[in-house]
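Every number here is computed from the coordinates shown, using simple stated rules; none is lab data. The model shown is predicted, which means the values in this text are computed figures rather than measured ones. Positions of Cβ are generated from backbone atoms using ideal geometry, with glycine treated the same way; all protein chains shown enter the neighbour counts.
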Amino acid sequence: MTEHLLEIAGMHKSFGGLKVIDDVSFNVRRGGRTALIGPNGAGKTTIFNLLTGVYPIDAGTITVDGQDITDVPPQDRVTVGMSRSFQNIRLMPHLSTVENVMLGQHARARKLGDLLFPLGMLPRNRWRQAAEEALENAGVGTYPGEIVSNLPYGVQKRIEVVRAMVSDPKLLLLDEPAAGLNKTETNQLQELLERVSDQGVTILVVEHDMQFVRDLCDYIVVLNFGRKIFEGTPDEVHKDPAVLEAYLGTDEDAAEAENAS
Amino acid sequence: MSGYIEAQLIILCLSIIYAYGIFLPAASGQLNLGAAGFITLGAYASAWFNASTGAELPMWLSIPLAMIFTGIIAFAISFPILRTRGVYMVLATFAFAEVVSGVAINLEFVGGAAGFPVDDHADVTVIVPVTIAVILFSFYFMSTRLGLSLRSIHDDESVATLFGVNVRTSKVVAFTVGAMLMSLGGSLYGHHYNYIEAQTFNVLLSIYILLYVLMGGTQTAWGPLIGATFFAVVPEALREIAESAGLKWLAEGRFILFGVFIVLLMVFRSEGVMTRTLQDRLGGGLFRRKKPIADDMAGGS
């Protein structure tokens, strides 16, 4: 077992003439909770999209659990042990809560027998039961048959995490999980993520809410304009002059940002 | 059963089979206007396998063989066709149907433009059970994980991919299986009326079938059943009622009324009559909430 679950080496990506990811390298420690932060447009979500194979990378390598996945097609990357949530909620609007979670199980059910198993006709089958249990454990087990678009925002956010979790990932990528949540919802989410982390799942999270990042994460990578400008512990990040300048602006801005969060 | 009712029942059954053939790909968001093409393939292939001038096989063999034949063609054309989406897929499938029609008219060994007589007869005792089997199969198909994948693809293709769904394969399967169902319907048409000509299976038929499915709703397997039943029964019933009530203007103008109704339906229920939400509301028992939303939102957990 390697010490690092995820290794990104010399990653490059350009869209047209615009370099959005410029020679980014960092590692994510197995079992750790790493945050990827940076100002808007720094390339955080792009890194997630490159990791999950939404776009191919121009140069560099991505290694998950010792396996080079640079050329693995997107639909197979989830089977390597990587799953994600999205910045804007991307649950399937016409599927029920349980069906959304059962979609998350897909990576573990790609054999022909599993594909032809009538999930909807047998209400007590093991897939459905596992999905309902996962929802229950995350505190959203209240309305399994509900169409997701009718549910409150905070609940949908947590369902996204549950959907990502049921694929049994080693690495969970969370894109702004706390965005748009109120204090209560954020605490519920944090509690959920801590439980996920305690199960041994490695977490990489993109987040703007610095309080949330400090409470949850033990390691921070900072991006700015597609380049990595810092990596270290949450305590160090506040002392780094490059980060302060690029990410928080001047001292006064930093103080303001503190108050606002 | 009176001859009239029986004739209507046959039309209803065939419409339902056709509709499910279009519904399976539509569930994953494919708009297929090629129904007439697949129906033509099924009708002609089964007729030829069955004919004394052809393979001379009994009907119960010629129909499945026709389905396999249509399936192979559908599989082959699905790869270029599924590269298109939305209105471009409508055009591509329409073009396919026109090609099939053009070929059928010019093939002398299946009668060419004069049409082709079909030997074995399939009566109502064959068609109704087959229709029920198609309905049950479609409900089963949509309840599987593959059906769930198709519905996911309909909602968000890229997210489905990231969760491991093989989008291309799922779409090809839906397209091909749908084409085979339409082939089955076409074969039954031929064996029931014992005469086929390519002109019967025209673009109007394709449009009607696509309408059945879109009006009925593509989210649940109830959609095509409701859509096809409604379209096959209502205009005819309206004529019957209007004529027996002596309302000649209504009997003749019923399609105007029907057109207005379709427009209203599209305005007020653009996702079709039968949606997931409605199904859950009607079938409350299985999907009932364990407790109300308010409990959780109070932060009780």
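For the range A:92-168, count all C-alpha to C-alpha pairs, find those more than 21 Å apart, and express that count as a whole percent of the total. Numbers along the way, then the final one.
Details: 580 of 2926 pairs.
Summing the P(r) tail past 21 Å for the range A:92-168 gives 20 percent.
Please report the spacing between the Cα centers of the range A:6-70 and the range A:102-163 in Å, no decimals.
What the calculation gives is 29 Å, centre to centre.
Fewest first, what order do A:Lys239, A:Lys157, A:Lys19 take by the number of other Cβ atoms within 10 Å? List each step's numbers first, then the result.
Values: A:Lys239 9, A:Lys157 27, A:Lys19 16.
Fewest-to-most ranking of A:Lys239, A:Lys157, A:Lys19: A:Lys239, A:Lys19, A:Lys157.
Based on the Kirkwood radius over alpha-carbon pairs, what value in µm²/s does the Stokes-Einstein equation return for the translational diffusion coefficient of chain B at 37 °C and 0.692 mPa s?
Details: Rh = 20.4 Å.
The Stokes-Einstein estimate is 161 µm²/s.
In peptide B:138-148, what is the residue-averaged number of other protein chain Cβ atoms found within 10 Å of each Cβ?
Numbers: counts 0, 3, 4, 2, 3, 6, 8, 16, 6, 5, 13.
Taking all residues of B:138-148 together, the mean is 6.
For the range B:19-49, list residues with backbone N below 18 Å from a point placed 7 Å from the Cα of B:Tyr88 toward its Cβ?
B:29-34
Residues of the range B:101-136 with backbone nitrogen within less than 14 Å of a virtual label 7 Å along the Cα-to-Cβ line of B:Gln199, please, listed as ranges.
So the set is B:102, B:105-106, B:112-116.
Measuring from label point to label point, each 7 Å out along Cα→Cβ, what is the B:Asp123 to B:Glu108 span in nm?
Computed distance between label sites B:Asp123 and B:Glu108 equals 3.8 nm.
Excluding same-chain residues fewer than 8 positions from A:Lys19, which lysines have a Cα within less than 16 Å of its Cα?
Output for A:Lys19: A:Lys44, A:Lys228.
Taking a cut-off of 13 Å between Cα atoms, list the aspartates and glutamates near A:Lys13, but don't count ones fewer than 8 places away on the same chain.
Answer for A:Lys13, where 13 Å is the Cα cut-off: A:Asp22, A:Asp23, A:Asp58, listed by chain and number.
Just check the range A:149-225 against the gyration tensor rule for me: Cα atoms, a ≥ b ≥ c as the square roots of the eigenvalues, rounded for a/c under 1.5, and otherwise prolate or oblate depending on whether a/b exceeds b/c.
On the way: a/c = 1.56, a/b = 1.13, b/c = 1.38.
Taking the square roots of the gyration eigenvalues as a ≥ b ≥ c, the range A:149-225 is oblate.
Going by the alpha-carbon gyration tensor, a ≥ b ≥ c the square roots of its eigenvalues, is the protein assembly as shown rounded (a/c under 1.5) or, if a/c is not under 1.5, prolate (a/b greater than b/c) versus oblate? Working shown, then result.
Working: a/c = 2.65, a/b = 2.07, b/c = 1.28.
Prolate.
Calculate the length of the line joining the C-alpha centroid of the range B:40-115 to that of the range B:133-162, in whole Å.
26 Å
Modelled label-to-label distance, A:Lys111 and A:Asn88, 7 Å Cα→beta-carbon offset: nm?
For the pair A:Lys111/A:Asn88, the computed spacing is 3.9 nm.
If I take every Cα pair under 8 Å that is 6 or more residues apart in chain B, average their sequence separation and divide by the length, what percent do I get for the relative contact order? Intermediate values should be presented prior to the final figure.
On the way: 441 pairs, mean separation 88.3, N = 301.
Computed value for chain B: 29 percent relative contact order.
Would you be so kind as to identify which of B:Phe94, B:Val167, B:Trp60 lies farthest towards the positive end of the dipole of the protein assembly as shown, taking Lys and Arg as +1 and Asp and Glu as -1 on Cβ and the Cα centre as origin?
Positive-most Cα among the choices belongs to B:Trp60.
How about the range B:120-228: which trypsin sites (Lys or Arg not before Pro) there lie in a loop by DSSP and see at most 16 other Cβ atoms within 10 Å? Before the final figure, lay out the partial values.
Details: sites: B:Arg145, B:Arg151, B:Arg168, B:Lys171; in loops: none.
Those that pass, being in a loop and sparsely packed, number zero.
List the chymotrypsin sites (Phe, Trp or Tyr not before Pro) in the range B:89-147 that DSSP assigns to loop (not H, G, I, E or B) and whose Cβ has at most 13 other Cβ atoms within 10 Å. Which are they?
On the way: sites: B:Phe94, B:Phe96, B:Phe109, B:Phe137, B:Phe139, B:Tyr140, B:Phe141; in loops: none.
Filter output for the range B:89-147: empty list.
Which value at 222 nm does chain A reach when only helices count, each DSSP H run of 4 or more adding -39,500 (n - 2.57), with the total divided by all residues and rounded to the nearest 500 deg cm²/dmol? List each step's numbers first, then the result.
Details: 10 runs with 89 residues, N = 261.
One gets -9500 deg cm²/dmol as the mean residue ellipticity at 222 nm.
Among A:Ile159, A:Ile147, A:Ile203, which one shows the biggest mean-square fluctuation in a GNM of chain A, springs joining Cα atoms closer than 10 Å?
Greatest mean-square fluctuation among the candidates belongs to A:Ile147.
Would you mind classifying the range B:201-247 by shape? Square roots of the alpha carbon gyration tensor eigenvalues, ordered a ≥ b ≥ c; an a/c under 1.5 is rounded, otherwise it is prolate if a/b is larger than b/c and oblate if not.
Values: a/c = 4.14, a/b = 1.74, b/c = 2.37.
The shape class here is oblate.
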